[in-house]
Amino acid sequence: MKVSFNWLKEFVAVTASAEEVAARLAQAGLEVEGMTRQDKGLEKVVTATLLQVEKHPHADRLTRCEVRTGDKIHTVVCGAKNHKAGDKVALALPGALLPNGAAIQETEIRKVKSGGMLCSEKELGFAETSEGILILPPDTPEGIPLASALGLNDVILDVNVTPNRGDCLSIRGLAREVAAAFGLFCENSRPKGTSRSESERRPTSIEGRVRVDLQSPELCPRYTCRLVLGVQIGPSPLWVRRRLEACGIRPVNNVVDATNYVMLESGQPLHAFDLSQIRHGQIVIRPARAGETLLLLDGKERSLEKNDLVIADAERVLALAGVMGGEGSGVQNTTTELLLESAYFSPAVVRRAARRLALQTESSYRFERGVDPNGCVDALNRLADLIVQWAGGSAAADSIDVYPKAILPLELRLRRRSLDRVLGYEISWEELEKPFATLGFEKQTGEYSPQERIFKIPTARSDLTREIDLVEEAARLYGYHKIPTRYPVLSLEEIPPPQEHPFDRIRQALLGWGFTEVLHYSFTSPELLQRFGYEPLPQLTLMNPISEELSVMRPSLLPQMLQTLRQNIYRGNKDLKLFELRPSYVPQSDSSPPFREQWKLCLGLSGARRGLHFLEKQEEVGLLDLKGCLKSLLSLAQPGDFQESPGRRPYFHPRRQARLAWAGREIGELGDLHPLELEKEGIRVPVALAEISLDLFLTESKIPVKFQEVSPFPSIWRDLNLIVD
């Protein structure tokens, strides 16, 4: 999450530098992965006043401008058309290196000297496109750095928030952490909008205009909404757009920007509907129906499933709950009436829909990790106030709040003996209660032992459910680095050697022959399997893959072995002897379950048998090397007949491959990689691969069980004293 340091300081009066704050957050378990200065490239850009604008004497499309920066006047040639005398502008002085890479120098343009450049938003890195130069507000002081005038003398912190800390996906949440780390009070930690009592003077009411039907309270425990009428859609204030862009969010318009602004501030995702597009003024929160589709705001139509939760009106689906709104009910340039939504959706239902559709948004990212169900109304009122400020209009005096079963804060008991036992160090109650209070943990009063405390946990902290969670929180806030190191006292016991396993013998033999063991993921890419001819076979597909490249369980070890050989060869390591002894997942015909785990051994050779030596001629590896290794390995388990038959794999050389059988049962294949495959992979050395099943090793290997009789004699201690001359 990207965080504006200046924005953070609006919530907590911290005087430390951004670097010190980043260090404290890291100690508290919130690693800051990077810091970016927002004024980079603006060091020599200042505010100026246009004194005179006249036509260029030698060019029809240029103007000659006189600009003042305090006590100095500059002559600048400009090609824009949107400026006039009296405007406040951004002047890049000679020597400036702008964010877009332009280097500004004093130059002569059509026989007129130009001592700088009047900058556009695109040239300053504020926008991807822009028409004309940037015109600043009329009250902007002249002659000061542009970064100061626009509040860009800021540092952006890139904070890595762990999945269990959804409360830190907001400025307010991080401000609490900073306040607790520095022992400060977190001011204005929960910005509120207009309260109900203050709103009663407003004539507009939501009653009679909107009805909410919550059909799935288990999937949406709380749903609130409020009207804002008479708005005018347009751009947000410049400082708002800059702040959103700094946090990685693209500005859209004043209403959408307000929803994103409050989301970043409070952690509560919000949505604005065009009220005129809601049929019959009815909002229905329900599961999707079979065959329903929704055109989302990203311009793509998605098919919905019955497990998806949707926001609908009387006739159609309006939004995919917690993920993204629909195109048909979104805010348009002509929108004048808004229905604002603030809700708490089940993290599981949002996560399921987002993963299925491969659609992660800022909203779903927060709902998946859990938001504060008791912060919906505050965020809704805050949003209404900002929209009225930035887009005009008036907010309704009342709102709808459907909350069938309130989610109450937990009360957790923290005992002294649990603290001391887990941490191995005594932390006083006084050292814990202040940071706990900063994070909103309310100490409960009543009759309980002096050796324990009871705290009421805010509903925003869904990660704290047990006493051990409070112990971890105590250690985190106190500082892991402050807890002294104490080595545990362990008794050393003789560990008996494990029973010999056939796989251990195979592994040790291969290591002794100079092979190196490699380990790959058990899941791989369908595209990689397709190149090895596995597409016709059914594949065991993961429901929740890490990525599309790791979405199926591998039926073979060969594709990944070739991938590893190729990567090493590309890096100059050409003479390789690799093996992998791992399970694969193969289909079963007429059997349940349809797949089974099968242990396989894969060998991969490349380059020469021995490294480069001036006394020996290099010999290339090939099929016979693998054949000799496999014969020796099979004999380790049990002597038997080793049979070969012609192979038919397209990725092997047609005349240098074989199918292998042992004791009359087919166990695998080996061969030299086909020259066309070598050319396709960009490999210029020979490669040989083999893969065999190890099922027979498990079922038919005859490994004698060795019994070692326990000595009948008692143990004797001997103290030996040696004199070394």
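The values are calculated or read from the model by the stated rules, or taken from the named source; none is laboratory data. Model, not experiment: these values are computed from the prediction. Cβ atoms come from the backbone with ideal geometry, glycine included; neighbour counts cover every protein chain shown.
At a glance:
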| quantity | calculated |
| --- | --- |
| Members of region 428-476 that are buried (at least 20 other Cβ atoms within 10 Å of the Cβ) and acidic (Asp, Glu) | GLU473 |
| Candidate set: region 298-355, residues that are among the hydrophobic types (A, V, I, L, M, F, W, C) and farther than 23 Å from PRO221 by Cβ; chosen: the one surrounded by the fewest Cβ atoms within 10 Å (Cβ to Cβ) | ALA314 |
| Matching residues in region 624-670 - criterion: being part of a strand (DSSP E or B) and either under 42 Å from the mean Cα position of the chain (by Cα) or on the phi > 0 side of the Ramachandran plot (or both) | PHE652, GLY668, GLU669, LEU670 |
| Residue satisfying all of: in region 366-393; assigned to a loop (DSSP other than H, G, I, E, B) and not small (Gly, Ala, Ser); nearest to PRO251 (Cα to Cα) among these | VAL371 |
| Breaking point among (1) among the charged types (D, E, K, R); (2) surrounded by 15 or more Cβ atoms within 10 Å (Cβ to Cβ); (3) modelled with pLDDT of 85 or more, for ARG531 | (3) |
| Any chance GLY166 is outside the structural domain of ALA246 (by TED's automatic domain parsing) and over 30 Å from GLY440 (Cα atoms) | no |
| Hits in region 71-80 - residues which are touching a strand residue (DSSP E or B) at 6+ places or on another chain (Cβ under 9 Å) and either outside any strand (DSSP E or B) or modelled with pLDDT under 90 (or both) | GLY79, ALA80 |
| In region 49-80, the residues that are under 22 Å from ALA149 (Cβ atoms), loosely packed, with under 13 Cβ neighbours inside 10 Å and basic (Lys, Arg) | LYS72 |
| Members of region 671-701 found to be part of a helix (DSSP H, G or I) and touching a Leu at 6+ places or on another chain (Cβ under 8 Å), listed by number | GLU681 |
| Matching residues, region 575-599, being of a type in the set (Lys, Arg), more than 16 Å from THR524 (Cα to Cα) and at pLDDT 90 or above | LYS577 |
| Residue tally, condition at pLDDT 90 or above and in contact with a Lys or Arg (Cβ under 7 Å, 6 or more places away or on another chain), over region 647-664 | 1 |
| Boolean, PRO488 is at pLDDT below 85 and touching a helix residue (DSSP H, G or I) at 6+ places or on another chain (Cβ under 6 Å) | no |
| Enumeration of residues in region 540-574 that are part of a helix (DSSP H, G or I) and at pLDDT below 85 | GLU548, GLU549 |
| LYS405 vs. criteria closer than 30 Å to PHE345 by Cα and free of Cβ contacts under 8 Å to residues at least 60 places away in the same chain | no |
| Test: residue in region 27-34 that is on the phi < 0 side of the Ramachandran plot, crowded, with 18+ Cβ neighbours inside 10 Å and in a helix (DSSP H, G or I) | no |
